[in-house]
Amino acid sequence: MTWKNRLWGAALSAALMAMGIAGAEAQQQPKTLRIAMTATDVPTTTGMPNNGFEGMRFLGYPVFESLVLWDLSRADQVAGIKPGLAERWEQDANDPRIWRFHLRRGVTFHDGTPFNADAVLWNFDRFFKNDSPQFDATGSAITRGRIPVLESYRKVDDFTFETTTTRPVSYWPYLALYVLITSPNSFEQAGRDWARVAALPPAGTGPFRLTRFVPRQSAELSRNDNYWDASRRAKLDRIVLLPMPEANTRLAALRSGQVDWIEVPPPDAIGSLRQAGFNIVTNSYPHVWPWVFATGRASSPVADVRVRQALNYCIDREGMVQLLNGTAEPSVGFVKANDPTFGNPQNRYRLDPARGRALLAEAGYNAQRPLTLKVGISNSGSGQMLPLPMNEFLQQSLQQNCGVRVNFDVVEWNTLLAALRFPPDQPAWLGADAVNISLYSSDASAFARWFLSSNFAPRGSNNGHWKDDQFDAAFAELERERDPAKISQLLATAHARLVDNPPWLWIVHDLNPRAMSRRVTGFTSAQSWFQDLTTIDLR
């Protein structure tokens, strides 16, 4: 072999070795998924996130869990529930107000401390016992708003926990899943200071653990290799969450490769994103985008049912869907018109300006005395879709079709979200006749939360203080019922009242659009506000 051949061979060997090392290093690089959220800030990281259900989606269930969990494994039906930190539960045979949860054994928090009934009791005290050392006023306000029917709770033994509701509640497991469980030890390690818990990081039991948090910039989740459900251990090494409230900013971040996944892409960019090789994922899910009326404030025009019905006949839902490039469906009730629980209401809303104007005239409004409304809206937020262009479309639609004048008060998402916890005559409502807050419609507990008169804010989340005796009567019977078929029939009866005596302006149901790099694989778009991040992988 000549010296040139020897030199070439040595160089080739060195190059192959370098390529091998580089390949090995590439294989060792962590799989990091970067997600752009619609939130203006990183949701709180202490085990009860703010920012609505987007906070729960990304910094709730992936890190912290509840006794009951959502089953997010299917895309072809509305998500149900499954055992979580409780492996089973039952309603007491003699007292239907009592539910008994049998806790999962062998579970540890991210900090290595054991999960048991003491930890569950400690967390319930965190949210429901004002004089407990660990009381969390912010987390409590969120949790109590979702669960207004809890009367008491107790530890039965080390792995049995019992709750008692104020009245029989057939859908109680759907409420229990909103109490997230965090490690009591993390609170002690932070000097009993929830603000310091946020930066420790805190410890849950979920498939991911929080490993880095930069306020207003990012949060980083890392895989929990010791997760109790070995079949659901995450494929990703890390997830980086980035708040980006402006839709075009999210779009630019995806196109430039800064992120791999964006929530709510701009509708007019969907075609070009597909052409560029990005995946657009949509699916039906229980998400309604309405205006919530201040029905309980006597001084507001919307206290009159004729006004509320009229407004529902005055808007162009099909035009709104076109604006959104097909990423929504028209809404004519709390659930979709083809849902078995829609019922048989007398009103079937559609664009009908003549009927809308006639109803307004009955209520005393006409061209000489036009109806004027003030509506509180946000510029972004969890489930808010594209609130500025959508609300501008509604403003024009109502003016053009029925002569209704609408003025907006635009505020930050968490400011608007506070209206859920206050009566309609309180400052949190901004003096508005309606607030645009998109909400979930997944199960009977959602009907109860938003519409039962016993759940008037501040006790619950019926913040408009809407009251309908027929709705309340159907629900009282439903809450005592144990037969699923009868529960469904009673839901249909109750829903018909939500159409004929509308507490909200029914506008659209969201189709949950997301845009992703082709590198993202394994994602199942569950029919839920929440998603399973454990199945996701990166090419």
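The values are calculated or read from the model by the stated rules, or taken from the named source; none is laboratory data. What you see is a predicted model; the values in this text were computed from it and never measured. We place every Cβ from the backbone using ideal geometry, glycine too, and count neighbours over all the protein chains shown. To get the accessible areas, we keep the full protein, side chains included, count just its heavy atoms, and leave off ligands, DNA and RNA. Shrake-Rupley method; radii C 1.70, N 1.55, O 1.52, S 1.80 Å.
For first residues located in region 218-231 and open to solvent by 10 Å² or more (accessible area, probe 1.4 Å), partners that are of a type in the set (A, V, I, L, M, F, W, C) and lie 6+ apart or on another chain with Cβ distances below 6 Å form the pairs SER218/VAL240; SER218/LEU242; GLU220/VAL240; ARG223/ALA234; TRP228/VAL107. Return the residues of region 236-257 that are part of a loop (DSSP other than H, G, I, E, B) and touching a Lys or Arg at 6+ places or on another chain (Cβ under 7 Å); say none if nothing qualifies. Within region 236-257, LEU236, ASP237, MET244 meet the criteria.
Taken together, the residues in region 481-530 that are out of contact with any Ser or Thr (no Cβ under 8 Å at 6 or more places or on another chain) and farther than 30 Å from GLN346 by Cβ amount to 8. When region 458-479 is filtered for residues that are under 19 Å from TYR440 (Cβ atoms) and out of contact with any Lys or Arg (no Cβ under 9 Å at 6 or more places or on another chain), the ones remaining, listed by number, are TRP466, PHE475.
Pairing each residue of region 481-492 that is within 17 Å of ALA93 (Cα to Cα) with any residue that is open to solvent by less than 40 Å² (accessible area, probe 1.4 Å) and of a type outside the set (A, V, I, L, M), provided the two are 6+ apart or on different chains, yields C-beta distances under 7 Å for GLU481/SER170; ARG482/SER170.
Annotation: of all residues in region 190-210 being assigned to a strand (DSSP E or B) and open to solvent by less than 60 Å² (accessible area, probe 1.4 Å), the one that is nearest to PRO243 (Cα to Cα) is LEU210.
Scanning region 305-323 turns up at least one residue that is among the aromatic types (Phe, Trp, Tyr), farther than 18 Å from LEU439 by Cα and modelled with pLDDT of 95 or more.
In the set (1) under 26 Å from LEU511 (Cβ atoms); (2) touching a residue at least 40 places away in the same chain (Cβ under 8 Å); (3) open to solvent by 10 Å² or more (accessible area, probe 1.4 Å), the condition left unmet by GLU318 is number (2).
Residues that are open to solvent by 30 Å² or more (accessible area, probe 1.4 Å) and at pLDDT 95 or above were ranked within region 251-270; the one that is nearest to ARG539 (Cα to Cα) is GLY257. In this entry, ASN283 passes the filter for residues that are within 23 Å of the chain's Cα centre (by Cα), modelled with pLDDT under 95 and surrounded by fewer than 17 Cβ atoms within 10 Å (Cβ to Cβ). Taken over region 337-372, the criterion of being in contact with an Asp or Glu (Cβ under 7 Å, 6 or more places away or on another chain) and open to solvent by 30 Å² or more (accessible area, probe 1.4 Å) is satisfied by GLN346, LEU351.
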